[in-house]
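To keep things clear, I will list the structure first and then write my remarks on it.
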Amino acid sequence: MWWGGAPPAHAAVDDLGVVEAREALRVRDNPRLFAARDALIASGHPLAPWADFWAMQSRLVQASPSEVDEFLARWPQTYVADRLRNDWLLVLGQRRDWATFLRIQPGFRMNDDKEVVCYGVLARQQTHAVPEGPGDLREQARQAWWAQKDPDTGCITMAQALFPAGVLTTTDVWRKLRLSLETDKPKVVQQTAQLLGATVAQAVARLVGQPREYLFPRPVTASAGRAGGQRGAGAHLESSAKGRPKSGRHKIVRPSDLPQLAPAVAGLPKEIQGPLNLLALIRWAAMDAPAVAAALDDPDARTRWQLTAEEAAWAWAQVARQSAWRLQPEAPALYERAMAVGGGLSPSDVARTWSNDTLSWMGRAALRAATAGQPQHWSLVERAVDAMPIDQQQDPAWVYWKARALMARPANPAVPVPGAAQPADARQQGRELMARISGTTSFYGLLAAEDLQGAPAKAPARPAALNDAEKAEARALPGIDRAMRLFALGWRGEAVREWNYTVGYSKVGGLSDRELLAVADVACEQEIWDRCINTSERTRVEVDLYQRFPTPYRRDVQAAAQEVGLDPAYMYGLIRQESRFIVAARSNVGAAGLMQVMPATAAWTAKKLGIAYTPDLITDRLTNIKLGAGYLKLIQDDFDGSQAMAAAAYNAGPGRPRRWREGPRLETAAWAENIPFNETRDYVKKVLANAVLYGHVLQGRPLSIKTRLGGTIGPRPRNEPPPQQDLP
């Protein structure tokens, strides 16, 4: 990206005014920026909206509503108008100008800013306006606030106003604290705790820093800390392994050693001691779940920590969640234990109070066990999915696994479940769920089709070729024209945002499939492969696999794959996921090139395979392809040829999937769904689905995901050589 100095060599003469405007923005020369902006508007330059956007942004905090209104009217249905509308809404929220806010917000088409959502709820409460969208004001406030992941001004301002007003309740605040601790957001925790007063905030700060010590504080006795006398703080925790240092991790709580006094909660009202202790248990479970399980197993635990049944269930669910994340076999039983705490609530009602992530890991632990030879756990999969919110239930992963659970119902259950569907009905429900997703080319769509039909899905018919008029109309779209000009100037970030807005929001109701295919074709012809792919993926009925799965650099990729004995479809599937064929792509951790090779991995692979290499060649197309292919083949061989484990190793390093394969032997799809890292789990599923579709594009192969998955994944056979430990 160009910043300062001479203008880009590829800048057209009529684009020099835009270059001038951007340079003025960079050096904060507003008079120069405004002059360039005015000249571009006067000449009718296609990129004048961007210059005007930069000029307006430079003084938005001081702008009047009429100035912004004039800007929005000047550039209707454009990316810059909607993005400025976003920024203006934040300014209006900070000004507490609720009337203008409510007038502007309905026009915010992208609606992708959670802070604006929070301000919108507050605006309606302050002006007594009727809430828009599902739910009443309180429900909208709760959902907006609970969805906040990082500290921001809008959501805390909303909470600070709505909590004393009684819209948000103390129960809502405690849930926000639970959710924020679960996702390890200590700044949001502290921000939220302030709503309950300084005393609670101080207690939360202590338990976040030292949860075990908060729950088991030093007893106040005359002999505390006396050398050779009674044991001091933490003495009630003993090592679970002989000789292991007493650090607090992997230690078992002995109820007989518990202190009789809890100074950390002295002076706190009784009604908040339980909620605070639960927060400490959540935090401690993330550090040492087995110790928390042992502590909760004490019959006096609930009384000691003033936990309600619902709070005790949540604490056990956190232990179960951590166990599931660590792929431990006891996770399903721990979830059952959590649901059994109940206090008058049914197990299903208990589970519905838990977070989405806790329920996801409940489902994953259950399907892991069920596909590893413990079919009784299919019922736990059903209960996990049924407890999820509707939008989570509709995720293809949970549609698929609930369908599997329904289809696995025993013909004659030993203990019939009241109200449950009969086995035949359940199997039919399962088939209907699978049919719902089987028409897609996603990982679970392909898997569902193969399960239903007993054969691979049929490739979608290729749409009719685009005609010249459709292509011309796509090129003439103002947003696409602006995006292509921005790409030509080398301003990729702005170009991508302009492009995405045009295909997603510029037309009410969205672009039709034919329009999307034509716009994708514009990018394909210019070899802007990421926009080609992402735009083509938006079509709903007309699916062009050859456009969605292009094969740039085909000769180089196939040659590199053949040289090391790698399937070119698998290699293409990985490149598509890694870089979308952007040769100069660089990640924020330093991976580079088409195959996103890390510098250290590149050097190691080059030495291992005898490839001529210097660090400056890492983004050289041919060198990067050779290094990536060589490394991918090495890790695939190290993982018994498994494409799933090799993809996981390529993304997360080989050490992690070596650990993840330990335990029972289970279906590869279940193994992939149980990958602990969200990014790697998504990556593996997409690489494998990509490979299936590239197999069809390159060689006309059937769309069989099961062929790619192979049979099962389990520990490395003892008769195999040990893993190659120096693989980076």
**OP:** Sort Leu279, Leu16 from largest to smallest accessible area, using a 1.4 Å probe on the heavy atoms of the protein chains.
**Re:** Leu16, Leu279
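Over the chain, what is the relative contact order in whole percent, taking alpha-carbon pairs under 8 Å and six or more residues apart?
Numbers: 1012 pairs, mean separation 58.0, N = 728.
The value is 8 percent.
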Original post:
For region 267-331, what is the Kirkwood estimate of the hydrodynamic radius, computed as the reciprocal of the mean inverse distance between distinct Cα atoms, to one decimal in Å?
Top reply: 11.9 Å
Subject >> Inter-site label distance for Thr712 and Arg462 at 7 Å from Cα along Cβ, in nm >> reply: 4.1 nm
Subject >> Distance histogram in 5 Å bins (all Cα pairs of region 432-575, percent per bin) >> reply: 2, 9, 16, 17, 17, 15, 13, 8, 4, 1, 0
Original post:
If you place +1 on the Cβ of every Lys and Arg and -1 on the Cβ of every Asp and Glu, how big does the dipole about the Cα centre of region 329-443 come out, in debye to the nearest 20?
Top reply: 280 debye
Original post:
Is the shape of region 481-536 best called rounded, prolate or oblate, per the rule: a/c under 1.5 gives rounded, else a/b larger than b/c gives prolate, else oblate, with a ≥ b ≥ c the square roots of the Cα gyration tensor eigenvalues?
Top reply: oblate
**OP:** For every other residue with a beta carbon closer than 15 angstrom to the beta carbon of Trp529, add +1 if it is Lys or Arg and -1 if Asp or Glu, then tell me the sum.
**Re:** -1
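Sort Lys185, Lys706 from largest to smallest accessible area, using a 1.4 Å probe on the heavy atoms of the protein chains. Before the final figure, lay out the partial values.
Numbers: Lys185 65, Lys706 85 Å².
Heavy-atom accessible area, descending, gives Lys706, Lys185.
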**OP:** Loop only per DSSP, at most 15 neighbouring Cβ atoms within 10 Å: give me the GluC sites (Glu not before Pro) in region 636-728, ordered by residue number.
**Re:** Glu662
Original post:
What are the lysines whose alpha-carbon lies under 18 Å from the alpha-carbon of Lys686, with same-chain residues fewer than 8 places away excluded?
Top reply: Lys706
Subject >> Surface accessible to a 1.4 Å probe, per residue, for the residues of the chain, Å² >> reply: 44 Å²
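Between Glu525 and Gln62, what FRET efficiency follows from the Cβ-Cβ distance if R0 is 45 Å, with the result rounded to 0.05? Intermediate results must be reported in sequence, preceding the final value.
On the way: r = 44 Å, r/R0 = 0.98.
Result of the calculation: an efficiency of 0.55.
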Original post:
Where the accessible area of the chain is counted over protein heavy atoms with a 1.4 Å probe, how much of it, in %, is carbon and sulfur?
Top reply: 52 percent
Original post:
How much accessible surface area, in Å² rounded to 10, belongs to the heavy atoms of His696 with a 1.4 Å probe?
Top reply: 40 Å²
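Could you calculate the contour length gain from Arg103 to Thr170, that is, 0.36 nm times the residue separation minus the distance between their Cα atoms, to one decimal place in nm? Numbers along the way, then the final one.
On the way: separation 67, 0.36 × 67 = 24.12 nm, distance 3.18 nm.
Residue separation times 0.36 nm, minus the Cα-Cα distance, leaves 20.9 nm.
Using a ≥ b ≥ c from the Cα gyration tensor of region 318-477 (square roots of the eigenvalues), is it rounded, prolate or oblate, where a/c under 1.5 gives rounded and otherwise the larger of a/b and b/c decides, a/b for prolate?
Values: a/c = 2.60, a/b = 1.87, b/c = 1.39.
It is prolate, given that a/c is not under 1.5 and a/b is the larger ratio.
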Original post:
Karplus couplings for region 115-126 from phi (6.51 cos²θ - 1.76 cosθ + 1.60, θ = phi - 60°), rounded to Hz, Gly and Pro as x?
Top reply: 5, 5, 4, 5, 4, x, 5, 5, 4, 6, 5, 5
Original post:
Hey, which aspartates and glutamates would be in cross-link range of Lys402, C-alpha to C-alpha under 13 Å, not counting anything within fewer than 8 residues on its own chain?
Top reply: Glu382, Asp386, Glu432
Original post:
Roughly what would the spin-label model give for Glu432 and Arg96, points 7 Å off Cα along C-beta, in nm?
Top reply: 5.3 nm
Original post:
Using unit Cβ charges (K, R positive; D, E negative) and no other charged atoms, how large, in debye to the nearest 20, is the dipole of region 294-354 about its Cα centre?
Top reply: 160 debye
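Between Ser512 and Gln394, how high is the FRET efficiency from 1/(1 + (r/R0)^6) when r is the Cβ-Cβ distance and R₀ = 22 Å? Nearest 0.05. If you can, show how the numbers build up before the last one.
Working: r = 24 Å, r/R0 = 1.11.
For Ser512 and Gln394, the calculated efficiency is 0.35.
If r is the Cβ-Cβ distance from Asp112 to Arg326 and R0 is 30 Å, what FRET efficiency results, to the nearest 0.05? Write down the numbers at each step before the final one.
Working: r = 34 Å, r/R0 = 1.13.
The calculated FRET efficiency here is 0.30.
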**OP:** Give, rounded to the nearest 20 debye, the magnitude of the charge dipole that the chain has about its Cα centre when Lys and Arg contribute +1 at Cβ and Asp and Glu contribute -1 at Cβ.
**Re:** 2020 debye
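If Met407, Met434 are ordered by their accessible area, calculated over protein heavy atoms with a 1.4 Å probe, which sequence runs from highest to lowest?
Highest to lowest solvent-accessible surface, that is Met407, Met434.
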Subject >> Lys/Arg +1, Asp/Glu -1 at C-beta; the chain dipole; positive extreme among Leu516, Leu279, Gly610 >> reply: Leu279
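By how many nm would the segment from Ala73 to Ala147 lengthen if fully extended, with 0.36 nm per residue of separation less the alpha-carbon distance?
Values: separation 74, 0.36 × 74 = 26.64 nm, distance 3.25 nm.
Length gained, Ala73 through Ala147: 23.4 nm.
Over 35 Å, how big is the tail of the calculated P(r) for the chain, in percent of all Cα pairs?
On the way: 153006 of 264628 pairs.
So the pairs more than 35 Å apart make up 58 percent of the total in the chain.
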**OP:** Using just the helices of the chain, give the 222 nm mean residue ellipticity in deg cm²/dmol: DSSP H runs with n ≥ 4 each add -39,500 (n - 2.57), and the total is spread over all residues, rounded to 500.
**Re:** -18000 deg cm²/dmol
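The values are calculated or read from the model by the stated rules, or taken from the named source; none is laboratory data. Treat the numbers as computed from the prediction; the structure is a model and nothing was measured. Counting neighbours? That spans all protein chains shown, and the Cβs are built from the backbone with ideal geometry, glycine included. Just so you know, the surface numbers come from the protein's heavy atoms only, side chains and all, with ligands and any DNA or RNA stripped out. Shrake-Rupley method; radii C 1.70, N 1.55, O 1.52, S 1.80 Å.
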